[in-house]
Amino acid sequence: QVQLVESGGGLVEAGGSLTVSCVASAYVFTNYHTAWFRQAPGKERQFVASITWSSSSVYYEESVKGRFTISRDNAKNTVYLHMNNLQPEDTATYYCAAALRGSGIFPFRPNYWGQGTQVTVSS
């Protein structure tokens with residue numbers, strides 16, 4: 001069983017930046033690829049970005065390319081999402097996800113989910 005705990009959400013003005021983090025309890029974090037999804041009120045959960053266990057490959061949803069950066073620190077069992085130039089449409093609950101290494105990173109098919117952290121962007 002893997003537990004994922006997100007943190008770092010908050011309220012930010014449009015054009016601002018924010019970094020959310022996710023700490024995994026996995027005994028061997030490098031057995032998992034990781035990703036970020038988001039869900040806005042009344043909408044389906046949407047893929048945002050993913051990264052392989054070794055950080056050798058990343059994948060982004062089109063609307064966040066050039067603004068968001070996913071990274072991970074295996075020594076800290078942590079994956080990050082650095083978000084720049086945030087816009088009101090980025091407002092959502094952001095979820096961390098993990099998938100065993102045997103799967104690809106897009107489409108990302110999670111084996112585990114975190115509880116989410118709220119990001120609100122004011123206009």
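The values are calculated or read from the model by the stated rules, or taken from the named source; none is laboratory data. These figures come from a predicted structure and were not determined experimentally. No Cβ is skipped: glycine too gets one built from the backbone with ideal geometry, and neighbour counts run over all protein chains shown. All accessible areas refer to the heavy atoms of the entire protein, side chains included, with ligands and DNA or RNA removed. Shrake-Rupley method; radii C 1.70, N 1.55, O 1.52, S 1.80 Å.
Points worth noting:
- Total residues in segment 56-80 satisfying the condition of being under 14 Å from the mean Cα position of the chain (by Cα) and either at positive phi or among the acidic types (Asp, Glu) (or both): the figure is 3.
- Residue in segment 23-35 that is touching a helix residue (DSSP H, G or I) at 6+ places or on another chain (Cβ under 7 Å) and on the phi < 0 side of the Ramachandran plot present: yes
- Elements of the type strands (runs of 3 or more DSSP E) sitting completely within segment 10-87 and holding at least 2 residues that are not hydroxyl-bearing (Ser, Thr, Tyr): these cover 10-13, 18-24, 32-39, 46-51, 68-73, 78-83.
- Residues of segment 52-93 classified as open to solvent by 40 Å² or more (accessible area, probe 1.4 Å), of a type in the set (S, T, N, Q) and over 22 Å from residue 112 (Cβ atoms), total: 5
- Pairs with Cβ under 9 Å, 6+ apart, first in segment 53-67 and of a type outside the set (Phe, Trp, Tyr), second assigned to a loop (DSSP other than H, G, I, E, B) and open to solvent by less than 60 Å² (accessible area, probe 1.4 Å): 57/105; 58/52; 58/105; 67/86; 67/87
- Complete set of residues in segment 11-51 that are open to solvent by 10 Å² or more (accessible area, probe 1.4 Å), within 15 Å of residue 112 (Cα to Cα) and of a type in the set (Ser, Thr, Tyr): 25, 27, 30, 32
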